[in-house]
Amino acid sequence: MSMPETERDALDQNEYFETLGYSGDDFLVRLKSSGSTVRFIGRPNNWMLSLIAPMSWWSSRWSLRGRGTTAQRAFVRACSRRGPYAEEAIASRIADEKRAAQPAPVLTQSGLPAAVIVAETGGYFHVQCPHCGDVHRHGAGLLGRRVPHCWGLYRDVSDYELVRRSASSVDHIELAAA
Ligand SMILES: [Zn+2]
């Protein structure tokens, strides 16, 4: 049995929340008051529904009695209509923005982007990644060519070269051509 048109509309268009979709067994909504995203782990109960809209709003449209209330089922259907929540797509967009915000890399003599060491602890180098801007940690205590840890995130990034920010190593670093 399909839901009456007005109830669909109420879930798809209301002043309290926007359904974002589902992810596995979870359901996601964005709260219009704060803009924050709420994830319901598993099927929502009435209490969870009351967190995103007043109980009076729910009860004026659906029953809240018994297990698996019509309000809960309507909510689950509304999230399901939205489809899978594109969490990975959103994470990938944020990663791309972060990468785009990095300054042009400094190239070493070998032509690789320089990953400058910002700290050394117990045989590990902590380097500032020229691709993503995060600090990556490399073991073995040897300078030279390395695969950046964010390789899995971007796929197309090149190796970089671990360098010290000392006078001698800065000597053979050249600024990337503008
Ligand atoms: Zn990185």
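Screening ASP96 against (1) within 30 Å of ALA53 (Cβ to Cβ); (2) free of Cβ contacts under 8 Å to residues at least 12 places away in the same chain; (3) in contact with a helix residue (DSSP H, G or I) (Cβ under 9 Å, 6 or more places away or on another chain) leaves a single unmet condition, (1). Go through region 84-113 and give me each residue that's under 14 Å from SER158 (Cβ atoms) and within 13 Å of the ligand (Cβ to nearest atom). ARG99, GLN102, PRO105, PRO113, listed by residue number. Restricted to helices (runs of 4 or more DSSP H) entirely inside region 44-120, those with at least 2 residues that are within 30 Å of HIS149 (Cα to Cα) are 87-100.
Evaluated against (1) more than 19 Å from PRO84 (Cα to Cα); (2) surrounded by 14 or more Cβ atoms within 10 Å (Cβ to Cβ); (3) aromatic (Phe, Trp, Tyr), PHE17 falls short on exactly one condition, (1).
Consider region 133-154 and keep the residues that are of a type in the set (Gly, Ala, Ser) and loosely packed, with under 13 Cβ neighbours inside 10 Å. The one that is nearest to the ligand (Cβ to nearest atom) is GLY152. For region 118-132, the set of residues classified as surrounded by 20 or more Cβ atoms within 10 Å (Cβ to Cβ) and away from the ligand (no atom under 13 Å from the Cβ) consists of PHE125 only.
Which residue, of GLU161, GLU174, is buried (at least 16 other Cβ atoms within 10 Å of the Cβ) and either at pLDDT below 90 or within 16 Å of the ligand (Cβ to nearest atom) (or both)? Walk me through how you get there before you give the answer.
On the way: GLU174 fails: buried (at least 16 other Cβ atoms within 10 Å of the Cβ).
Matching residue, one of GLU161, GLU174: GLU161.
For the condition aliphatic (A, V, I, L, M), surrounded by 14 or more Cβ atoms within 10 Å (Cβ to Cβ), in a helix (DSSP H, G or I) and in contact with a Ser or Thr (Cβ under 6 Å, 6 or more places away or on another chain), ALA10 does not qualify.
The values are calculated or read from the model by the stated rules, or taken from the named source; none is laboratory data. Everything quoted here is computed from the prediction, not taken from an experiment. Every residue, glycine among them, receives a Cβ derived from its backbone with ideal geometry; neighbour counts consider all protein chains shown.
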